[in-house]
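Read through the structure below, which is laid out as structure tokens, and then see the notes.
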Amino acid sequence: STRKVVGHQQCPVLSVDPNLPVNSIQELTEYIKTKGNKTYGTTTHSLTAASEMYSKAAGLNLQKVEYKNVANILGDLATGGIDFAFLGATYPVEQARAGRLKLLGVANPKRSAVLPDLPTMIEAGYPTVSVSGWFAAQAGTRPDPHLRRRHFPLAHPVTHKTRSQNQTPDRRRSDGRR
């Protein structure tokens with residue numbers, strides 16, 4: 001059967017609290033070097049890789065704080081619980097427009113088409129900090145009933161609303177048992 005693949009490239013965006021007294025990657029590096037407790041937040045392996053590459057390239061000794069979702073990272077960035085986070089571009093763009101985040105740069109090899117004014121980590125002086133991640137979904141032209149039941153947002157992305165991050169799918173069988 002014919003398969004359809006839908007995907008997009010992840011653009012890791014270096015994000016900080018808008019009240020932090022920094023306006024560039026270099027200023028963030030100097031700011032972190034003066035702090036005692038140095039932390040970053042992460043939700044995925046590719047974003048962790050970007051943070052660790054930055055940490056090594058800048059000579060920082062950072063502690064990783066893992067999160068299950070981006071909402072918790074945003075809360076800790078706003079309260080100073082963590083110093084920074086690389087986030088996929090989907091989340092920080094709207095948060096920055098609303099004044100809840102400050103964006104300093106991207107960890108892609110080239111500037112982002114969505115955020116063309118942000119420098120790459122390479123342009124900011126960190127030539128070893130570059131991450132390219134991809135998300136993809138693949139399905140046949142007529143997804144089987146199992147896919148429709150368990151992963152309906154992927155089977156019908158336009159007609160079904162996706163679950164919020166705090167909800168979990170109901171795993172009950174048709175007879176009501178789990």
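Read-outs: derived from the displayed coordinates by stated rules, not from any lab. Note that this is a predicted model, so its numbers are computed, not measured.
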Next on the checklist: Kirkwood hydrodynamic radius, region 22-68, all distinct C-alpha pairs: what's the number in Å?
Outcome noted: 11.1 Å
Checklist entry - Could you list log10 I(q)/I(0) for region 1-113 at q = 0.15 Å⁻¹, which the Debye formula gives when each Cα is one point scatterer? => result -0.60
